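The values are calculated or read from the model by the stated rules, or taken from the named source; none is laboratory data. As the structure is a prediction and not an experimental result, all values here were calculated from the model. Using ideal geometry, Cβ is built from the backbone for each residue, glycine included, and neighbour counts are taken over all protein chains shown.
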Amino acid sequence: MTDLRFPKATRAHAESRRAMTPQAEDAFRSFSKAVFAEGALDTRTKQLIAIAAAHITQCPWCIEGHVKAAQRAGATNEQIMEAIWVAAEMRAGAAYAHSVKALEILNGDNKK
């Protein structure tokens, strides 16, 4: 089933994007390669972070790509799901933290 809201990315899309803006495309690919290269963090850890970020930003293409990349890097299903739960807590935590703004208004601390 095709979800029209989220079309499947194809090689044609990538080629079209590159044809229109080759320097930006090349720069982005180089940046991405550098970010996910082994460093102080191993590739598996970086992919787990990317999975969490993809869930917070709600990017279906990022979720698909980084889950597959994490699996290739040796992440277990349990590790992937824990990364998703971390994302869920962070997103909920932000709403919780921002409640301070509403509390200031409700308590009259933010009078104009």
Counting just the residues of the stretch 1-27 that are among the hydrophobic types (A, V, I, L, M, F, W, C) and more than 21 Å from Ala69 (Cα to Cα), which one comes out surrounded by the most Cβ atoms within 10 Å (Cβ to Cβ)?
Ala24
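Looking at the stretch 42-50, can you tell me whether even one residue there is in a helix (DSSP H, G or I), exposed (fewer than 15 other Cβ atoms within 10 Å of the Cβ) and either over 13 Å from the mean Cα position of the chain (by Cα) or not assigned by TED's automatic domain parsing to the domain that holds Ala87 (or both)?
If we filter the stretch 42-50 for residues that are in a helix (DSSP H, G or I), which is where we start, we get 43-50.
Next, only the ones that are exposed (fewer than 15 other Cβ atoms within 10 Å of the Cβ) stay: none.
Within the stretch 42-50 (the criterion being in a helix (DSSP H, G or I), exposed (fewer than 15 other Cβ atoms within 10 Å of the Cβ) and either over 13 Å from the mean Cα position of the chain (by Cα) or not assigned by TED's automatic domain parsing to the domain that holds Ala87 (or both)), the answer is no, since none of the residues qualifies.
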Only one of Ala75, Ala54 is surrounded by 13 or more Cβ atoms within 10 Å (Cβ to Cβ), in a loop (DSSP other than H, G, I, E, B) and free of Cβ contacts under 8 Å to residues at least 60 places away in the same chain, namely Ala75
Taking the stretch 9-27 and keeping residues of a type in the set (A, V, I, L, M, F, W, C) and without any contact (Cβ under 8 Å) to a residue 24 or more places away in the chain leaves Ala12, Ala14, Ala19, Met20, Ala24, Ala27
Complete set of residues in the stretch 28-46 that are under 16 Å from Lys68 (Cα atoms) and either touching a Lys or Arg at 6+ places or on another chain (Cβ under 8 Å) or touching a residue at least 40 places away in the same chain (Cβ under 8 Å) (or both)
Phe36
